[in-house]
Amino acid sequence: MTSSHSYSRRRPSRTPRPSIVILVEGKVTEPEYLDALREALGIPKGLVEIEKSRCTDANGIVGEARELLAKSGKKREGENFDEIWVVADAESEHENGSSENISHAINQAGDDVHLVLDSPSIEYWFLLHFVRTTRDFPTATDVIAELRRHWPGYSKQSRKLDWSALIEKTEPAMQNAAYVRRMRRGSRASRPLADMDVLAAKLGSMGKQSIPRAEDKVATHRSAFEPPTCKDLYSWGRLHQNLSQ
């Protein structure tokens, strides 16, 4: 049978992988971690741009993100980006993480800015790499103290952390974050928050390498684990389902 298709004349087609900009409030911890994760996943630097925001509060960072979106039809310095993400803490003891600030940030983000919130700070997400806990830590200082019990060398300002050891535990952390999310929704509570797994899943979909696999003791749960999407973000739920802060 002769085929009517001429494969020799078919032009190869490639769909460009999406590029994203990630705005963070921290000068050291968030950029160092995200860049290490990007590298471990084999994502070229040009596809993920990690920037320190001018602002230190969630609403301010979202505002800066919207400014970037408004520039020249999503063009920035001659390059296009497909998505913009904001990573912010929601430490309630500070005005930057107040309920009012977070509410404004969520409303301002809308569906155009993907807002990742960690409560009280990104260290809660790090802690989930070691343990499953739904404890609502009052401050970043409290969660850092607990994190150091499992990661003694952790320092918020250190540029010499071994991120690879943490990144190897990414899949268990994502499973723990999913558990925390289910428990939070079931109780209608607003905290704790650890939605960094959504961004990790996004980066995992862009990389040449997969999210590091879980250890054998938790691998049995893999078949029931579904990677999170943007609809799993707390900010998306608040915006679309009118959840209480």
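The values are calculated or read from the model by the stated rules, or taken from the named source; none is laboratory data. Remember, predicted model here, so these are calculated numbers, not experimental data. Using ideal geometry, Cβ is built from the backbone for each residue, glycine included, and neighbour counts are taken over all protein chains shown.
If you scan the range 179-200, which residues turn out to be in contact with a helix residue (DSSP H, G or I) (Cβ under 7 Å, 6 or more places away or on another chain) and in a helix (DSSP H, G or I)? Lay out the reasoning, then the answer.
So in the range 179-200, the residues in contact with a helix residue (DSSP H, G or I) (Cβ under 7 Å, 6 or more places away or on another chain) come out as 181, 192-198, 200.
181, 196, 197, 198, 200 - these are the residues of the range 179-200 that are in contact with a helix residue (DSSP H, G or I) (Cβ under 7 Å, 6 or more places away or on another chain) and in a helix (DSSP H, G or I).
So which helices (runs of 4 or more DSSP H) stay within the range 103-178 end to end and still have 2 or more residues that are in contact with a Cys (Cβ under 8 Å, 6 or more places away or on another chain) and of a type outside the set (D, E, K, R)?
Numbers: elements: 122-127, 140-150, 163-167.
Ranges flagged: none.
Only one residue in 151, 125 is more than 20 Å from the chain's Cα centre (by Cα), surrounded by 17 or more Cβ atoms within 10 Å (Cβ to Cβ) and modelled with pLDDT of 90 or more. Which one?
Working: 125 fails: more than 20 Å from the chain's Cα centre (by Cα).
From the options 151, 125, the qualifying one is 151.
For the range 110-117, check the following and say yes or no: at least one residue is touching a Lys or Arg at 6+ places or on another chain (Cβ under 9 Å), more than 23 Å from residue 36 (Cβ to Cβ) and not charged (D, E, K, R). Before you say what the answer is, go through the steps one by one.
Filtering the range 110-117 for residues touching a Lys or Arg at 6+ places or on another chain (Cβ under 9 Å) gives 110, 112-114.
Within this subset, residues satisfying the condition of being more than 23 Å from residue 36 (Cβ to Cβ) are 110, 112-113.
Keeping just the survivors that are not charged (D, E, K, R) gives 110, 113.
There is at least one residue in the range 110-117 that is touching a Lys or Arg at 6+ places or on another chain (Cβ under 9 Å), more than 23 Å from residue 36 (Cβ to Cβ) and not charged (D, E, K, R).
From the set of residues in the range 201-242 that are among the polar types (S, T, N, Q) and farther than 21 Å from residue 113 by Cβ, which is modelled with the lowest pLDDT? First the steps, then the outcome.
Taking the range 201-242 as the starting set, the residues that turn out to be among the polar types (S, T, N, Q) are 205, 209-210, 220, 223, 229, 235, 241-242.
Right, trim to farther than 21 Å from residue 113 by Cβ and you get 209-210, 220, 223.
On the way: 209: 86, 210: 84, 220: 40, 223: 45.
Per the stated criteria, the residue is 220.
Is there a residue being at pLDDT 90 or above and of a type in the set (Ser, Thr, Tyr) anywhere in the range 180-200?
So the first thing to find is which residues in the range 180-200 are at pLDDT 90 or above, and the list is 180-183, 192-200.
Now narrow it down to the ones that are of a type in the set (Ser, Thr, Tyr): none.
Among the residues of the range 180-200, not one is at pLDDT 90 or above and of a type in the set (Ser, Thr, Tyr), which makes the answer no.
I want to confirm something. Restricting to the range 1-34 and keeping residues that are closer than 15 Å to residue 208 by Cα and surrounded by 12 or more Cβ atoms within 10 Å (Cβ to Cβ), which single residue is modelled with the highest pLDDT?
Filtering the range 1-34 for residues that are closer than 15 Å to residue 208 by Cα and surrounded by 12 or more Cβ atoms within 10 Å (Cβ to Cβ), the one modelled with the highest pLDDT comes out as 19.
Search the range 93-106 for residues being buried (at least 19 other Cβ atoms within 10 Å of the Cβ) and at pLDDT below 90, and hand back the single one that is nearest to residue 118 (Cα to Cα).
Among those residues, the one meeting the criterion is 97.
Give the residues of the range 22-71 that are free of Cβ contacts under 8 Å to residues at least 40 places away in the same chain, touching a strand residue (DSSP E or B) at 6+ places or on another chain (Cβ under 8 Å) and hydrophobic (A, V, I, L, M, F, W, C), sorted by residue number.
Matches in the range 22-71: 50 only.
Search the range 154-176 for residues being closer than 15 Å to residue 33 by Cβ and of a type in the set (D, E, K, R), and hand back the single one that is surrounded by the fewest Cβ atoms within 10 Å (Cβ to Cβ). Lay out the reasoning, then the answer.
Start the filter on the range 154-176 by keeping residues that are closer than 15 Å to residue 33 by Cβ, which leaves 154-170, 173-174.
Then keep just the ones that are of a type in the set (D, E, K, R); that gives 156, 159-160, 162, 168-169.
Values: 156: 16, 159: 9, 160: 7, 162: 11, 168: 15, 169: 18.
Here the residue is 160.
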